[in-house]
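Down below is the structure, laid out as structure tokens.
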Amino acid sequence: MFGFLKNGLKKTLESIHLVKASNKIITKDLLEEMLLEADVAYEIVEEIIYYLPPSDDVKKTDLERVMGTYFIYDKPELANVKPFVDLILGVNGVGKTTSIAKMAHLHKENGEKVILGACDTFRAGAIEQLKLWAQKLNIDIIATSQGHDPSAVAYDAISKALAKNYDRVILDTAGRLQNKKNLANELEKIVRISDKAMQGAPHRKILVLDGTQGVAGILQAKAFNDLVKLDGVIITKLDGTAKGGALFSIARELELPILYVGVGEQLGQIHEFNPSEYVKTLVEEIFA
């Protein structure tokens, strides 16, 4: 995963490198400047420096240890059920549909049988986009016309998965956060009807966040977490930003695990997030 992370964090690592310049010794002042440039929140930078040993010179092992404490939240233990149902949330434009396609591809590569549910019936474009991905992946999809009841789509997708022995169901949802009350009612109904189709479904509720938004994406995440209790997040578009340090804020503020990170549009460009490798990649660049 190191190669993937280095590629995904390329702009973030370049911003760190520019601040470091030719300095061989990493002082706390220099470290502060580098972390802020990578969009690590100011209060987190101050905490990191506070918990380092009192010497002004920073040691690599100390920094890695302190930075690693921000990712103490374990990934949720997956229910041993079939089909396993994921409900995917996120505002329009964050890469939600592409992330669903990447997840479906990942599961298919692992030999699992996948079906999609196009529950974003608010936008005709969202339905068509998911249909195109399903066609490209050669997997099944339950979809209907714009304006149809999204919870009915969820029910049909889960029912078909149960009847036809599918391993995975991935449900798309609308992302019109500006109309929070309507969205809350819609998501609550999808969750309730999913549980009627299969007790305990959906088994995970995952939010997709745009990595280029940096710390600003946390406000979106908190709003969605208020609507539907989230189980984890996916970070997209890390290759397009120098704000890779914002993952510290996401982990701390939300107390949610980062499940996947994605870069680029290609289907294979998504990986399960490994926090220790993420921290190590940043620290290696700081001391390079």
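The values are calculated or read from the model by the stated rules, or taken from the named source; none is laboratory data. Note that this is a predicted model, so its numbers are computed, not measured. Cβ: placed from backbone, ideal geometry, glycine included. Neighbour counts: every protein chain shown. Quick note on the areas: whole protein, heavy atoms, side chains included, nothing else; ligands and nucleic acids left out. Shrake-Rupley method; radii C 1.70, N 1.55, O 1.52, S 1.80 Å.
Brief remarks follow.
- Qualifying lysines (Cα of each under 19 Å from Cα of residue 237; at least 8 residues distant if same chain): 6, 10, 11, 96, 102
- Net charge dipole size for the chain [Lys, Arg +1 and Asp, Glu -1 on Cβ; Debye, nearest 20]: 1000
- Distance from the C-alpha centroid of region 144-168 to that of region 226-282: 28 Å, rounded to the whole angstrom.
- The aspartates and glutamates within cross-link reach of residue 20, meaning a Cα-to-Cα straight distance under 17 Å and a gap of 8 or more places when in the same chain, are 29, 32, 33, 37, 39, 56, 57, 284, 285.
- Counting only protein heavy atoms and using a 1.4 Å probe, the accessible area of residue 42 comes to about 130 Å².
- Fully extending the segment from residue 23 to residue 287, taken as 0.36 nm per residue of separation minus the present Cα-Cα distance, adds 94.1 nm.
- Given charges at Cβ of Lys, Arg, Asp, Glu: the chain dipole, positive-most of 44, 124, 225: 124
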